[in-house]
1. Can you tell me which condition B:Lys19 does not meet? The list is (1) among the basic types (Lys, Arg); (2) under 28 Å from the mean Cα position of the chain (by Cα); (3) within 14 Å of chain A (Cβ to nearest Cβ), and all the others hold.
2. Could you list all residues from the stretch A:85-103 that are in a strand (DSSP E or B) and either farther than 26 Å from B:Gln268 by Cα or under 34 Å from the mean Cα position of the chain (by Cα) (or both)?
3. For residues in the stretch B:346-371 being part of a loop (DSSP other than H, G, I, E, B) and among the hydrophobic types (A, V, I, L, M, F, W, C), which is nearest to B:Ser152 (Cα to Cα)?
4. Going by the conditions given, is B:Tyr91 surrounded by 14 or more Cβ atoms within 10 Å (Cβ to Cβ), within 14 Å of chain A (Cβ to nearest Cβ) and on the phi < 0 side of the Ramachandran plot?
5. Those residues that are closer than 25 Å to A:Ser151 by Cα and among the hydroxyl-bearing types (Ser, Thr, Tyr), I need them from the stretch A:248-278; list them, please.
6. Count, please, the residues in the stretch B:30-41 that happen to be surrounded by 16 or more Cβ atoms within 10 Å (Cβ to Cβ) and either within 28 Å of the chain's Cα centre (by Cα) or more than 21 Å from B:Phe239 (Cα to Cα) (or both).
7. For the stretch B:275-291, which positions are among the hydrophobic types (A, V, I, L, M, F, W, C) and either surrounded by 24 or more Cβ atoms within 10 Å (Cβ to Cβ) or within 11 Å of chain A (Cβ to nearest Cβ) (or both)?
8. In this structure, does B:Leu182 turn out to be in contact with a strand residue (DSSP E or B) (Cβ under 9 Å, 6 or more places away or on another chain) and under 30 Å from B:Ile9 (Cα atoms)?
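The values are calculated or read from the model by the stated rules, or taken from the named source; none is laboratory data. Keep in mind the model is a prediction, meaning the values are calculated, not measured. Neighbour counts are summed over all protein chains in view; Cβ atoms, including those assigned to glycine, are modelled from backbone coordinates with ideal geometry.
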Protein chains: 2
Amino acid sequence: MKLTIKKDILLDALNKVSKAISTKNLIPVLAGIKFDLKKNKLTLTASDNDITIQTFITAASDDEFKVEKEGSIIVQGKYMLDIVRKLPDKYINIEVFDELKILIYTENSEFRLNGISEEEYPKINLDESKKKVVINNKVFKEIVSQTAFASSNEETKPILTGINFNIVGNILECNSTDSYRLARKVVELDKADTENYNIVIPSHNIIEFSRILDDDDKSNIELHISNNKILFIYKQLKFQSRLISGTYPNTSNLIPKEDFLVITTNIQDLYNVIDRASILTSDKDKNIVTLETEGNLLILKSSSQEIGRVEEKMNIEKNNSENIKISFSAKYMMEALKSFSTEKVEIHFVGEIKPILVKSKEDETITQLVLPIRTY
Amino acid sequence: MKLTIKKDILLDALNKVSKAISTKNLIPVLAGIKFDLKKNKLTLTASDNDITIQTFITAASDDEFKVEKEGSIIVQGKYMLDIVRKLPDKYINIEVFDELKILIYTENSEFRLNGISEEEYPKINLDESKKKVVINNKVFKEIVSQTAFASSNEETKPILTGINFNIVGNILECNSTDSYRLARKVVELDKADTENYNIVIPSHNIIEFSRILDDDDKSNIELHISNNKILFIYKQLKFQSRLISGTYPNTSNLIPKEDFLVITTNIQDLYNVIDRASILTSDKDKNIVTLETEGNLLILKSSSQEIGRVEEKMNIEKNNSENIKISFSAKYMMEALKSFSTEKVEIHFVGEIKPILVKSKEDETITQLVLPIRTY
């Protein structure tokens, strides 16, 4: 393998795949990045057994990339990334010598790294499926940022550590719950000629993938779903994750159909009021605050024997003259509110011990649900 | 105690003193900030037994600060800071009620915090000494940033965890060493009518104080030195630290008087070359790199059996035709180089097993010394 490549292009590709480099070092080869140079195309692959990331660079012009000899090798990922990042030169030369040694050089710098034979790399199948689901990049990033936070971190309930993607016809419903709150995003897909799917993608992995996606980019993402894994394809990038096996709980019956009171308010104001009301609460008791209405006044309270107590007030709109008194986790409610990018929000109350529904007329694709906490 | 105060002014004062709030919580009263309101002056004090920070706010105008009733109380520091930071209002009202409760309120927010009687606060003497040393803020910040990094973190040698301030006449010499390297800054003081001092200030504390100082401010700092403590006074702020007892090692004989080779180079270029040469080294063996000269070529090398090896080259100026081969810690040399804000730097070599001296003709107040490491 021998090539000359523009630094910025190589660095961008290394940055992307290096997210999948295994840091646990149990299997040395997984701490590496596989370089495959074939027919003017350099393919980089990294995998930690949980996710696999692959990207490629093609020689659009000699100016960007010049191949002198094809070949494959596994390079130690962490060091390769650091070297390319710190080299000041515009172009970098890479050459395999003595079979398993890699020479990386520019005018004044020479690095010789020990490599590993590409034959030792695990066989990873990144084949596309026959049918695919297509989602716009912007919509996909929204799905992740508006639902993933509600997943569980507890490995005791593996199924709840993922986001449920439920596709029926051209409707994609995404659910994420840790059993104390639920985040739901429903989007319409452009094409309806796909199969129906009901899968659970590990939240941690989908967040990692979402971070690689460019902001303000209108490209599409292809989802290739098979039995136990999902392959995302985005521009030159392939990102594969395992799926979580098991049946995701049916969350539809959790979402109340009726309510006795709806309050409407500015999101940011409500967020700030809850934030202040929770200053004296502690994480370990889930930052419990109590919300009360008195006419068009919303009152938020919390108290702690040792520290003290807070009372915050704000004006709200109501759909009727009913009043409510209900307690919930400030942290969960604030995360639910943060998922909206709208100006106003509606809080639907069904009863003092019934889930609280958070919605917005300006964006009906999101539904957030927070369970109340009994304080007596 | 009862007052109304402009939020920004109170927040600034709280931010400053809260650096001294004890987070260990062994003595509850030290997790508090003492409020003293007397004759139109609000004094805030916090202390963790190691450092004490005090600042005051005076009522320059009713617009900033309005006193209704004098008094004193200890408020839980962390919560007070959080409350004031998150309140959106321009003015904040603070009132002590039921003797030991504090009411903090604005139009829509009401916090009631449990307080502690000011009588329980430790007696802390922040008296000024008769004679004082005066240092310009900018110079003081330089002293700290150019020397503190070289102090030891190991509590087994307490004296080396501090910076030595040695004042003789109008010359202040600051030394900091962990016994592998030495950072020295020598400055001329404006007034020479002070006494001579030879003290050791804990690096951690002086760094903390330096962070509170405003950037680009030309005010002076007063140093009031007594037997076992130092009091810094900067504008409305008093910052007191204990001193480390014991005799600081005489570092003057460490600094070589002669050299057989001096190389001159651009600092940033040399920094980058050493940075790259150390990519394949590890922290645990002090990131050892080897420097060699070959005529006007500087060659930096490092290697690791498992990972690989690097060779970096750059052009330098030399004062004669001698050559050197010497190994040292890349981390220590990079930290030494970073302390200069000049364009060029001189590296003085005395011998292969003698300290390496780093100086700059453009700023002769700094001397950095890095010990070589034997690699055979």
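1. So B:Lys19 meets the others, but not (3).
2. Of all residues in the stretch A:85-103, those in a strand (DSSP E or B) come to A:91-97, A:101-103.
Once the filter is applied, which keeps residues that are in a strand (DSSP E or B) and either farther than 26 Å from B:Gln268 by Cα or under 34 Å from the mean Cα position of the chain (by Cα) (or both), the stretch A:85-103 yields A:Tyr91, A:Ile92, A:Ile94, A:Glu95, A:Val96, A:Phe97, A:Lys101, A:Ile102.
3. Taking the stretch B:346-371 as the starting set, the residues that turn out to be part of a loop (DSSP other than H, G, I, E, B) are B:350-355, B:360-365, B:371.
With the extra rule that they be among the hydrophobic types (A, V, I, L, M, F, W, C), the set shrinks to B:350, B:353, B:371.
Values: B:Val350: 25, B:Ile353: 22, B:Leu371: 15 Å.
Top of the filtered list is B:Leu371.
4. Values: surrounded by 14 or more Cβ atoms within 10 Å (Cβ to Cβ): yes; within 14 Å of chain A (Cβ to nearest Cβ): no; on the phi < 0 side of the Ramachandran plot: yes.
Against the criterion (surrounded by 14 or more Cβ atoms within 10 Å (Cβ to Cβ), within 14 Å of chain A (Cβ to nearest Cβ) and on the phi < 0 side of the Ramachandran plot), B:Tyr91 does not qualify.
5. A:Tyr248, A:Thr251, A:Ser252, A:Tyr271, A:Ser278
6. Going residue by residue through the stretch B:30-41, those that are surrounded by 16 or more Cβ atoms within 10 Å (Cβ to Cβ) are B:30-37.
Narrowing the set further to residues that are either within 28 Å of the chain's Cα centre (by Cα) or more than 21 Å from B:Phe239 (Cα to Cα) (or both) leaves B:30-35.
Number of matching residues: 6.
7. B:Ala277, B:Ile279, B:Leu280, B:Val289, B:Leu291
8. Criteria not met by B:Leu182.
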